[in-house]
Number of protein chains: 2
Amino acid sequence: MAILVVGSVAFDGIETPSGKVERVLGGAATHFALAASYFTDVRVIAVVGEDFTAENEAVFTRRGIDTRGIEHTEGKSFFWAGSYLKNLNEAQTLRTDLNVFQSFSPKIPAEYQDSEFLFLANIDPVLQADVRAKMPNVKLVCGDTMNYWINDHAENLAKVLKGLDGLLINDGEAKLLAHDANLVRAADKILSMGPKSLVVKHGEFGATAFFSDRSFAGKNGKVFLPFRAPALPLSEVVDPTGAGDSFAGGFFGYIASQKDLTPATFKKAMFYGGVMGSFAVERFGTERLQQLDPKELEERFALFRELSHLE
Amino acid sequence: MAILVVGSVAFDGIETPSGKVERVLGGAATHFALAASYFTDVRVIAVVGEDFTAENEAVFTRRGIDTRGIEHTEGKSFFWAGSYLKNLNEAQTLRTDLNVFQSFSPKIPAEYQDSEFLFLANIDPVLQADVRAKMPNVKLVCGDTMNYWINDHAENLAKVLKGLDGLLINDGEAKLLAHDANLVRAADKILSMGPKSLVVKHGEFGATAFFSDRSFAGKNGKVFLPFRAPALPLSEVVDPTGAGDSFAGGFFGYIASQKDLTPATFKKAMFYGGVMGSFAVERFGTERLQQLDPKELEERFALFRELSHLE
């Protein structure tokens, strides 16, 4: 079943201890869509400028991703430059040029209206809310956000959070959003803001899911336990950019590919999130996610199981 | 089968966001011994001063721990004071009085000679090596260390590392010891220093085990994968002091209670390490570890499995 994702399609300049790229295809929606494309149909809502080439678009279409919702407009595409030289776990932003994203007003193609799954990638919560309102019949909505929106656009973000089935953010964002340094208490507070479930990504230490008693898992009056998925120990992280979006793509892509969202589905989705994140960081930009063999994917899933399961 | 542990038996003054204690029984060997006592016989080598009371000793003996190797001498016991007010993950040391530990020369009671398992808790590597030499026939030796010995006693520590079946340290210590910020590369380097296996403790994110091809798991020419065990998400960490020692006690205690050290035993031991660490931090000092019901222990083990396993 199809996922509609709204978010940034951009160009990134990245430096890490493994090297440097001046300008590669990036953006949250790009990483998400590529990762999710290994599981289900994906449709993208975004805006790009005149510098977005046919070759850039082919990165999507070669993976069967529907790009009819990518609006082409005058000007330059969103550009971000960051450095991981000081800290591989957190980018130091060197430059952010919103460019065509500054005046973006999402339009949903008629062909996208039957999408059953909606992912609101990290963009202005006003745009997230706009797309959410234009897709009233979706079955499941998950989303992401970041420090900037948490700090300076709290009211707009609060409206988006109320309607989410799942929020996927990292440790720092969760603690900032909840004003609490304890992960479990932070999760409780965030779940009280609206999301039915919360997935907190811990980078090299995997991810933890928390569930509200309003979530699918609380149906029988049973409090559903948190669930922890591992990350793969890697001897080299070439480029962490987009790892979180790739996690979200694997996670939500797997969920969309399954008939029902059961606790077992959610748990496996957490593992597939880790799997896609682990591939993403092996190369700069989206290189690794463009060329995965489904067999590699299943092998890595088996590896995640073996390194975390007692038998 | 009996474990012999050598390490500090001490008094601690601790302040955390949950409260403050002026002086409670502590020390690496104390936490280790109490945690391990739920699995197997434990014997302690340490030194205490005149301030160590019969009531303090009863904390050990009530758990069936053999204290004949705890030497009583003139002067005061080792005292440590630390604060976790700024950071629950890392203590700020306020005071360290070595006292009777300054001139400690370990003596092994004859009754301890048949111990099959030896744990070298965090003390001067010269003392660790001394006890190791006095116990030539032990079946398995694991140990711990800390930044101070890594930085300022590297040569003495190197000798201890050569003889270890397992080294249990935390992330910061592993990266410091290997001079490498990447966990997998750091683990490779540490394994090349001698330990046949390495368990890196990640606090609230669990622990990862790495294995050298000289370890039991490499016997058939098969490279044994790393293994990741979860930690329990807790809404309040009352006192993190001794969590790592309690992990080691649960880990090594479980191993000593089993007939063979197989990969399956090692994995379950990692889980029991997490279980004992999770109990330890629920109260100040050793309070929680003094009063566990075996049923609670099994329930928590089941919880660890449920929050990390797909089915």
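Filtered by the rule that a residue be part of a loop (DSSP other than H, G, I, E, B), of a type in the set (A, V, I, L, M) and touching a residue at least 60 places away in the same chain (Cβ under 8 Å), segment A:226-243 gives A:Leu232, A:Val237, A:Val238. Scanning segment B:261-284 for residues that are in a helix (DSSP H, G or I) and more than 14 Å from every other protein chain (Cβ to nearest Cβ) yields B:Met276, B:Gly277, B:Phe279, B:Ala280. Can you confirm whether segment B:79-89 contains a residue that is farther than 24 Å from B:Ala269 by Cα, within 14 Å of chain A (Cβ to nearest Cβ) and open to solvent by less than 40 Å² (accessible area, probe 1.4 Å)? Yes, there is a match, as at least one residue in segment B:79-89 is farther than 24 Å from B:Ala269 by Cα, within 14 Å of chain A (Cβ to nearest Cβ) and open to solvent by less than 40 Å² (accessible area, probe 1.4 Å).
Of the candidates A:Asn170, A:Asn151, the single residue that is in contact with a strand residue (DSSP E or B) (Cβ under 8 Å, 6 or more places away or on another chain) and under 20 Å from A:Gln92 (Cβ atoms) is A:Asn170.
Residues in segment A:288-305 that are open to solvent by 30 Å² or more (accessible area, probe 1.4 Å), without any contact (Cβ under 8 Å) to a residue 24 or more places away in the chain and either of a type in the set (Ser, Thr, Tyr) or assigned to a helix (DSSP H, G or I) (or both): A:Lys295, A:Glu296, A:Glu298, A:Glu299, A:Ala302. Looking only at residues in segment A:227-255 that are more than 11 Å from the chain's Cα centre (by Cα) and of a type in the set (Asp, Glu), which one is least open to solvent (accessible area, probe 1.4 Å)? The selected residue is A:Asp239.
Scanning segment B:256-271 for residues that are open to solvent by 10 Å² or more (accessible area, probe 1.4 Å) and either under 16 Å from B:Phe32 (Cβ atoms) or in contact (Cβ under 8 Å) with a residue 12 or more places away in the chain (or both) yields a total of 6.
Determine whether A:Val21 is touching a Lys or Arg at 6+ places or on another chain (Cβ under 9 Å) and either closer than 23 Å to A:Asp293 by Cβ or among the hydrophobic types (A, V, I, L, M, F, W, C) (or both). Criteria not met by A:Val21. Annotation for segment B:120-127: no member residue is free of Cβ contacts under 8 Å to residues at least 12 places away in the same chain and open to solvent by 50 Å² or more (accessible area, probe 1.4 Å).
From the list B:Ala81, B:Ala91, B:Ala181, B:Ala121, the lone residue that is touching a helix residue (DSSP H, G or I) at 6+ places or on another chain (Cβ under 6 Å) and farther than 18 Å from B:Val6 by Cα is B:Ala181.
The single residue among B:Leu34, B:Leu94, B:Leu25 that is of a type outside the set (D, E, K, R) and open to solvent by 60 Å² or more (accessible area, probe 1.4 Å) turns out to be B:Leu94.
Condition check ((1) polar (S, T, N, Q); (2) within 11 Å of chain B (Cβ to nearest Cβ); (3) farther than 23 Å from A:Leu85 by Cβ) across all residues:
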{"site": "A:Pro230", "(1), (2), (3)": "no, yes, yes"}
{"site": "A:Pro240", "(1), (2), (3)": "no, no, no"}
{"site": "A:Gly244", "(1), (2), (3)": "no, no, no"}
{"site": "A:Gly253", "(1), (2), (3)": "no, no, yes"}
{"site": "A:Lys259", "(1), (2), (3)": "no, no, yes"}
{"site": "A:Thr286", "(1), (2), (3)": "yes, no, no"}
{"site": "A:Glu311", "(1), (2), (3)": "no, yes, yes"}
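Residue-by-condition table, conditions (1) of a type in the set (Ser, Thr, Tyr); (2) open to solvent by less than 20 Å² (accessible area, probe 1.4 Å):
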residue	(1), (2)
B:Phe39	no, no
B:Val48	no, yes
B:Phe52	no, yes
B:Thr61	yes, no
B:Gly64	no, no
B:Thr67	yes, yes
B:Gly75	no, no
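Filtered by the rule that a residue be hydrophobic (A, V, I, L, M, F, W, C), more than 10 Å from every other protein chain (Cβ to nearest Cβ) and under 18 Å from A:Phe266 (Cβ atoms), segment A:183-199 gives A:Ile190, A:Leu191, A:Leu198, A:Val199.
Taking segment B:147-175 as the range and being crowded, with 17+ Cβ neighbours inside 10 Å, more than 22 Å from B:Pro263 (Cα to Cα) and more than 14 Å from chain A (Cβ to nearest Cβ) as the test, the residues that pass are B:Trp149, B:Ile150, B:Leu157, B:Val160, B:Glu173.
The values are calculated or read from the model by the stated rules, or taken from the named source; none is laboratory data. Remember, it's a predicted structure, so these values are computed and weren't measured experimentally. Cβ atoms come from the backbone with ideal geometry, glycine included; neighbour counts cover every protein chain shown. The protein model used for the area step is the full one, side chains on, heavy atoms only, and it has no ligands, DNA or RNA in it. Shrake-Rupley method; radii C 1.70, N 1.55, O 1.52, S 1.80 Å.
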